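Engineer: Pasting a structure here, questions to come.
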Amino acid sequence: MASGGSRGQRYPGRTVFRRGEKIDPLGRQAALGLAAGRLAAGAGALLATRPALRAIGFPEPGATGWSLAKVLGARDLTMGGLTVAAREDRAALRAATFIATALDAADVIAFGLAAGDPETRRAGAAGAATAAAAVVGGIWALHRLGRA
């Protein structure tokens, strides 16, 4: 095991960050800003489902759509909360940001598929663009969080 300096110990194929390592302030701000957006979107989807869906352009959902929107709202609240909880631990913050970015990438695909349906084209396109911006922000935050 060789020491990797400020980045932690190096193991074959991965870098392990030590607890308490300095966190890049811009990376942390970006990760927490994305988490705040996720918390707001999650709260809207879970607690004000119909108005939130209308605001992004979806037609009135049936019971299934309403339920799925609530599930996704709960997912976003959970992921945003985990990211905020990890704000003082560099490795945990990177992990939470990575998972959130992967979820945003999956959202790009899901919204892109919705954009293919004439009934949900506007909402799908807007959602795909918003999720794509979150992916770019997440990748940038991950890059910054990899610094000492």
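Engineer: Which of the residues spanning the range 115-134 are surrounded by fewer than 19 Cβ atoms within 10 Å (Cβ to Cβ) and in a helix (DSSP H, G or I)?
Structural biologist: Ala115, Arg121, Arg122, Ala125, Ala126, Ala129, Thr130, Ala132, Ala133
Engineer: Does Arg144 count as open to solvent by less than 90 Å² (accessible area, probe 1.4 Å), among the charged types (D, E, K, R) and touching a residue at least 24 places away in the same chain (Cβ under 8 Å)?
Structural biologist: Yes: the conditions hold for Arg144.
Engineer: Give me the residue from the range 21-31 that is crowded, with 18+ Cβ neighbours inside 10 Å and aliphatic (A, V, I, L, M) and, out of that set, modelled with the lowest pLDDT.
Structural biologist: This residue is Ile23.
Engineer: Within the range 25-58, work out how many residues are charged (D, E, K, R) and within 19 Å of the chain's Cα centre (by Cα).
Structural biologist: So the count comes out to 2.
Engineer: Take the range 78-94 and flag every residue that is open to solvent by less than 50 Å² (accessible area, probe 1.4 Å) and free of Cβ contacts under 8 Å to residues at least 40 places away in the same chain.
Structural biologist: Ala86, Ala92
Engineer: Please go through the range 64-75 and pick out each residue that is among the small types (Gly, Ala, Ser), closer than 20 Å to Asp104 by Cβ and surrounded by fewer than 18 Cβ atoms within 10 Å (Cβ to Cβ).
Structural biologist: Ala74
Engineer: Related question: I'd like to verify a number: residues in the range 41-63 that are in contact (Cβ under 8 Å) with a residue 40 or more places away in the chain and surrounded by fewer than 14 Cβ atoms within 10 Å (Cβ to Cβ), how many?
Structural biologist: Qualifying residue count for the region: 1.
Engineer: Of all residues in the range 36-81, how many are in a loop (DSSP other than H, G, I, E, B) and among the acidic types (Asp, Glu)?
Structural biologist: Count: 1.
Engineer: Let me ask you something else. As an exercise: evaluate Leu82 against (1) touching a Ser or Thr at 6+ places or on another chain (Cβ under 7 Å); (2) more than 20 Å from Thr130 (Cα to Cα); (3) modelled with pLDDT of 95 or more and give the number of the one condition it does not meet.
Structural biologist: (1)
The values are calculated or read from the model by the stated rules, or taken from the named source; none is laboratory data. Treat the numbers as computed from the prediction; the structure is a model and nothing was measured. Note that each Cβ is placed from the backbone with ideal geometry, even for glycine, and that neighbours are counted across all protein chains shown. Only protein heavy atoms, including side chains, enter the accessible area calculation; ligands, DNA and RNA are left aside. Shrake-Rupley method; radii C 1.70, N 1.55, O 1.52, S 1.80 Å.
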